[in-house]
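Take a look at the structure below.
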Amino acid sequence: MRFLGANTSFRIDTPTLHALGECNVDERGVINRARGKKMATDPILSAERIAQMTEAGLWPDRLLIDYLDEAAAAHPDRVALRDSNSTTGQSRVLTYSQLQQQVNRIALGLIALGVERDDIVSFQLPNWWQFTALHLACLRIGAVTNPLMPIFRERELGFMLRFAEAKVVIVPKSFRGHDHEQMVLGLAADLPKMEHLLVVGGEGARSFEQRLVEHPWESEMDAAALFATRRPNPNDVVQLLYTSGTTGQPKGVMHTSNTLISNCERFISALGCQPDDTFLMGSPMAHQTGFMYGMMTPLMLQTEVVLMDVWNGDAAWENIRRYGVSFSMASTPFLADLVNSDKIESCCTERFRTFACGGAPIPRVLAKRATEKLGIQVIAVWGMTENGVVTATRPGDPEEKIFQTDGRAFDGLEVRVVDANNQPVAPGEEGTLKARGCSNFVGYLKKPELYGMDDENWFDTGDLARMDEEGYIRISGRSKDIIIRGGENVPVAEVEEVLYRHPSIEDAAVVAVPDERLGERGCAFVTLQPGSSFDMETMVAYFAEQKVARNYTPERLEIIEAMPRTASGKIQKFQLRETAKQLGQV
């Protein structure tokens, strides 16, 4: 069969048609599903891209649930995951067969709650076994997983749940002293699409355990038939993950099984991960790092992962020693905590060999100290929610590459650095970083106009970078206005909006100030209304009153007489950034 795209024609062979699933192709070559009405989670996915990825062998056309079933059949008694619940003090160990049983039961329970294919299931959970089981259960029945960071409070959570139109919402009763159940109940009046709130550790009708885990659904329902009917196509959206944009309003990034799994395959190959590795994951699984490389990757390798719901460097070292951890990945602060811990001598083993570090450029001094002090391979990586890890250094790379770059592109992915005319710049020159390939996402929820792909499928990352002659990049800045604090994006525009609402503030601008441990922290520059006063204590209390996530609250306040502005009146943030750099550490 032959299709006409916008700029070219291309042939779709039988295997590729099978990969398309139930769909039709419009005059632009864009795929639309034929199951019924158009869904908000329909991917922006051209037949041309599917054909290219399939023919190149980059998209495996599999689901993560397939890897679980294979592992449960081949190694039923092998440990799949270990978690520790810091709220209850309890730990859980699940073998692959036990995880499979839990997944199947939860999947049937979700069906009993009325969850249909393409429905969004949102959960705000720490790194507990329930997180992994829920995602796999959603895959079983064709539902879309929407993980939410545990740090989010009413302001962020209310928008995200309402925008996603989540049918089922799952939260812990309490985590780190916060009552998540009461928080969501307080939002319920503004969430008309939410039909069920389930609470891990809850009671009665809202108990996650009673509704999904303890009830023997498999004795009442035809699991095999239901799962076969509801199995999603590998090109259906299976993950909705929010990220911060230049406007400050979160955007819902949509991924398919093919985009996610293809990236994990390349990650495993490039970094030399092995089936006998034991992973440690302290980065939240509601973040793409934890989701793809703490949940998906170990499962694809049929190996074990040790989960931490609250990060602590000393506790991490104890886990590394006790469980023979060989691989971990997180942002710069996690690595700094390991390097500065007193537990190194008693807990650092020869088996612990690799730490992949991303979220922000690794300070050269930290990478060198970690390599020398811990005797491990530090792997520098760069990526985004929209495409997972795109570039990485490789085991055995020269020190200058590891300490001074963010790596080169994986096979199946490409990066280029371009000027204002979209032309490649010379090696060493700064320009806009673009990426394309197998793991680029398939759209923003309800915002197709923001997709940001050009006619050749290059995605504008919003980052500035330099590339050397060997293809290694170094992130040099960001064109989009965010702060990366400990690997987490802080939406600057949203924080500024909160500041502007305070009666004492006339103008506000938030920029990054360098920080040795977290990479960056927020610095708020404000001008005041005549006769008004405002200080750090007032700001912290005000953000708490506004129920803004604690990590979004600026950690430095500078009161200035006037904002530096352009002739047209725009605030010159580059000047404020220079001032922030001169201020030094918070």
> Inside the stretch 159-181, can you point out the residues that are closer than 26 Å to ILE141 by Cβ and of a type outside the set (A, V, I, L, M, F, W, C)?
Replying inline: ARG162, GLU165, LYS167, PRO172, LYS173, HIS180, GLU181
>> Residue under question is VAL511, and the condition is that it be part of a loop (DSSP other than H, G, I, E, B), of a type in the set (Val, Ile, Thr) and crowded, with 17+ Cβ neighbours inside 10 Å; does it hold?
In response: no
> Which residues, counting only those in the stretch 77-99, are part of a loop (DSSP other than H, G, I, E, B), of a type outside the set (Val, Ile, Thr) and open to solvent by 50 Å² or more (accessible area, probe 1.4 Å)?
Replying inline: ASP77, ARG78, SER86, GLY89, GLN90
>> Condition check: out of contact with any His (no Cβ under 8 Å at 6 or more places or on another chain), open to solvent by 40 Å² or more (accessible area, probe 1.4 Å) and closer than 20 Å to ASP411 by Cβ. Does SER219 satisfy that?
In response: no
>> Restricting to the stretch 308-348, name every residue that is farther than 27 Å from ILE483 by Cβ and either of a type in the set (Phe, Trp, Tyr) or outside any helix (DSSP H, G or I) (or both).
In response: TRP317, TYR323, GLY324, VAL325, SER326, PHE327, ASP342, LYS343, CYS348
>> touching a helix residue (DSSP H, G or I) at 6+ places or on another chain (Cβ under 8 Å), surrounded by fewer than 20 Cβ atoms within 10 Å (Cβ to Cβ), of a type outside the set (Asp, Glu) and more than 20 Å from VAL253 (Cβ to Cβ): which single residue out of ARG176, ARG153 fits that description?
In response: ARG153
> Can you name the residue in the stretch 222-248 that is among the small types (Gly, Ala, Ser) and open to solvent by less than 40 Å² (accessible area, probe 1.4 Å) and is also nearest to LEU134 (Cα to Cα) among such residues?
Replying inline: ALA223
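Within the bounds of the stretch 278-301, is there any residue that is touching a Pro at 6+ places or on another chain (Cβ under 6 Å), touching a residue at least 60 places away in the same chain (Cβ under 8 Å), open to solvent by less than 20 Å² (accessible area, probe 1.4 Å) and in a strand (DSSP E or B)? Before you say what the answer is, go through the steps one by one.
Step one: filter the stretch 278-301 for residues touching a Pro at 6+ places or on another chain (Cβ under 6 Å), giving 279, 286, 290, 301.
Right, trim to touching a residue at least 60 places away in the same chain (Cβ under 8 Å) and you get 286, 290.
Now drop any that are not open to solvent by less than 20 Å² (accessible area, probe 1.4 Å), which leaves 286, 290.
Filter once more, so that each one left must be in a strand (DSSP E or B): none.
So far as the stretch 278-301 goes, no, none of its residues is touching a Pro at 6+ places or on another chain (Cβ under 6 Å), touching a residue at least 60 places away in the same chain (Cβ under 8 Å), open to solvent by less than 20 Å² (accessible area, probe 1.4 Å) and in a strand (DSSP E or B).
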> Of all residues in the stretch 57-76, which are free of Cβ contacts under 8 Å to residues at least 60 places away in the same chain and either open to solvent by less than 20 Å² (accessible area, probe 1.4 Å) or hydroxyl-bearing (Ser, Thr, Tyr) (or both)?
Replying inline: ALA72
>> So ILE362 passes all but one of these: (1) in a loop (DSSP other than H, G, I, E, B); (2) modelled with pLDDT of 90 or more. Which condition number does it fail?
In response: (2)
>> Step by step: first the residues of the stretch 407-419, then only those that are over 12 Å from MET467 (Cα atoms) and open to solvent by less than 50 Å² (accessible area, probe 1.4 Å), then the one that is farthest from the chain's Cα centre (by Cα). Which residue is that?
In response: GLY412
> Filtering the stretch 420-440 down to residues that are part of a loop (DSSP other than H, G, I, E, B) and open to solvent by 60 Å² or more (accessible area, probe 1.4 Å), which residue is farthest from THR371 (Cα to Cα)?
Replying inline: ASN421
>> Can you pull out every residue in the stretch 491-502 that is open to solvent by 10 Å² or more (accessible area, probe 1.4 Å), of a type outside the set (Gly, Ala, Ser) and touching a Gly at 6+ places or on another chain (Cβ under 6 Å)?
In response: GLU494
>> Please count how many residues of the stretch 163-184 are acidic (Asp, Glu) and farther than 23 Å from GLN210 by Cβ.
In response: 1
> Can you pull out the residues in the stretch 544-576 that are in contact with a Pro (Cβ under 8 Å, 6 or more places away or on another chain) and over 13 Å from ALA509 (Cβ atoms)?
Replying inline: TYR552
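The values are calculated or read from the model by the stated rules, or taken from the named source; none is laboratory data. Everything quoted here is computed from the prediction, not taken from an experiment. Neighbour counts are summed over all protein chains in view; Cβ atoms, including those assigned to glycine, are modelled from backbone coordinates with ideal geometry. Only protein heavy atoms, including side chains, enter the accessible area calculation; ligands, DNA and RNA are left aside. Shrake-Rupley method; radii C 1.70, N 1.55, O 1.52, S 1.80 Å.
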